[in-house]
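The values are calculated or read from the model by the stated rules, or taken from the named source; none is laboratory data. All of these numbers come straight from a predicted model, not from anything done at the bench. When we count neighbours, we look across all protein chains shown, and the Cβ atoms used for this are built from the backbone with ideal geometry, even at glycine.
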Amino acid sequence: MIEKLKKAAEYIQSVKEVVPKVGMVLGSGLGIYVDKIEDKTYIPYSDIPFFHGTAVEGHEGRLILGKVDGVDVAVLQGRIHAYEGHDMEDIVFATRVLATLGIETLILTNAAGGINEDFTPGDLVLIKDHINLMGKNPLVGPNYAELGPRFPDMTYAYNLELRKVLLESAKEINMDLKQGIYCGLLGPTYETPAEIHMLRVIGADMVGMSTVPEAIAANHLGIKVAGISCITNMAAGITKNKLNHDEVKEQALLVMEGFAELLSKSIKRIGALSK
Ligand code: HPA
């Protein structure tokens, strides 16, 4: 594992020698954020040793090295999901490679269904905490002590300082950035109304099928994590509407501008936070 990480990182460094400060994972529909990145180098996942590829909206998944507001970033456009049948260890491989490259902060984004009725489709919600109901954990198996401890603490899984920066930036751009607890499920079905009722009772504000594995792996590595959900739809049974993936993608596209503005406003301060 450690050798594989080194080989992947070495390949990336051979394409562009850079130590990115901030890593980002762009969720469904948020991929066009890459337009905001300057001085870009694209590396298709299929070129990187041991990387697991994914098709994103007709394009292959790729790593983008570049700059946002002068900060070196490494952006993953497209992620693999547990519902596709991938092992958890493969799902978090990319997170671990970014850590090997040197990122100190990881910003995870996703599309999510809103459970909290204060949310409406189109809202951006800062993740305060998560509930792992995927039935899996990426750290199951032998612990790689080089990466982190056997029993990582998850009390501040979503870093408080980062949340403060993002909330302050949102205020400056008059964005009503909400906060909530993200519940990660395996999928690929959307939930039943009965399941959503259960999730609401246990304290979830939104639901999705990603983010949790990467957040766990990053915490294991001692990397600061921020998470932002784009509420693409109200979860099953909250309204009478049925759910469909096209709607999810369309809604994510609509929030793109706000999302880009929020990140642009924050990235300098995020890059300057101490390790
Ligand atoms: N449920 C699970 N995942 C999702 C949803 C949802 O309602 N919307 C976007 N991703």
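For residues that are more than 16 Å from the ligand (Cβ to nearest atom) and of a type in the set (Gly, Ala, Ser), scanning just segment 238-272, find the one that is nearest to the chain's Cα centre (by Cα). So that I can check it myself, show each step before the final result.
Filtering segment 238-272 for residues more than 16 Å from the ligand (Cβ to nearest atom) gives 257-258, 260-272.
Subset that is of a type in the set (Gly, Ala, Ser): 258, 260, 264, 266, 271-272.
Numbers: Gly258: 17, Ala260: 15, Ser264: 17, Ser266: 16, Gly271: 17, Ala272: 20 Å.
Checked segment 238-272; the qualifying residue nearest to the chain's Cα centre (by Cα) is Ala260.
Looking only at segment 109-120, filter to residues that are near the ligand (Cβ under 9 Å from one of its atoms) and outside any loop (DSSP other than H, G, I, E, B); which one of those is surrounded by the fewest Cβ atoms within 10 Å (Cβ to Cβ)?
Our first condition is that a residue be near the ligand (Cβ under 9 Å from one of its atoms); within segment 109-120, this holds for 110-115.
Going one step further and asking which of them are outside any loop (DSSP other than H, G, I, E, B), we end up with 110-114.
On the way: Asn110: 27, Ala111: 23, Ala112: 34, Gly113: 27, Gly114: 26.
By that ranking, first place goes to Ala111.
Any idea how many residues of segment 154-211 are within 16 Å of Val225 (Cβ to Cβ), within 16 Å of the ligand (Cβ to nearest atom) and of a type in the set (Val, Ile, Thr)?
2
Please determine whether any residue of segment 104-123 is over 30 Å from Lys242 (Cα atoms) and not aliphatic (A, V, I, L, M).
Yes, that holds for at least one residue.
Could you tell me whether segment 88-97 includes any residue that is within 16 Å of the ligand (Cβ to nearest atom) and either of a type in the set (S, T, N, Q) or in a strand (DSSP E or B) (or both)?
No; the residues of segment 88-97 include none that is within 16 Å of the ligand (Cβ to nearest atom) and either of a type in the set (S, T, N, Q) or in a strand (DSSP E or B) (or both).
Scan (1) crowded, with 21+ Cβ neighbours inside 10 Å; (2) modelled with pLDDT of 95 or more; (3) out of contact with any Leu (no Cβ under 6 Å at 6 or more places or on another chain) for the single condition Asp123 breaks and write down its number.
Condition (2) is where Asp123 drops out.
For the condition small (Gly, Ala, Ser) and out of contact with any helix residue (DSSP H, G or I) (no Cβ under 9 Å at 6 or more places or on another chain), what is the one hit in Gly135, Gly114?
On the way: Gly135 fails: out of contact with any helix residue (DSSP H, G or I) (no Cβ under 9 Å at 6 or more places or on another chain).
Result: Gly114 is the single residue among Gly135, Gly114 that is small (Gly, Ala, Ser) and out of contact with any helix residue (DSSP H, G or I) (no Cβ under 9 Å at 6 or more places or on another chain).
Would segment 208-218 turn up any residue that is in contact with a His (Cβ under 8 Å, 6 or more places away or on another chain), surrounded by 15 or more Cβ atoms within 10 Å (Cβ to Cβ) and under 19 Å from Val68 (Cβ atoms)?
First, the residues of segment 208-218 that are in contact with a His (Cβ under 8 Å, 6 or more places away or on another chain): 209-212, 215.
Right, trim to surrounded by 15 or more Cβ atoms within 10 Å (Cβ to Cβ) and you get 209-212, 215.
Now drop any that are not under 19 Å from Val68 (Cβ atoms), which leaves none.
Checked segment 208-218: no residue is in contact with a His (Cβ under 8 Å, 6 or more places away or on another chain), surrounded by 15 or more Cβ atoms within 10 Å (Cβ to Cβ) and under 19 Å from Val68 (Cβ atoms).
Go through (1) under 16 Å from the mean Cα position of the chain (by Cα); (2) within 14 Å of the ligand (Cβ to nearest atom) one by one and return the number of the condition Ala235 breaks.
(1)
Would it be correct to say that Pro149 is away from the ligand (no atom under 11 Å from the Cβ) and not in a loop (DSSP other than H, G, I, E, B)? Quick ask: steps written out before the conclusion?
Values: away from the ligand (no atom under 11 Å from the Cβ): yes; not in a loop (DSSP other than H, G, I, E, B): no.
Against the criterion (away from the ligand (no atom under 11 Å from the Cβ) and not in a loop (DSSP other than H, G, I, E, B)), Pro149 does not qualify.
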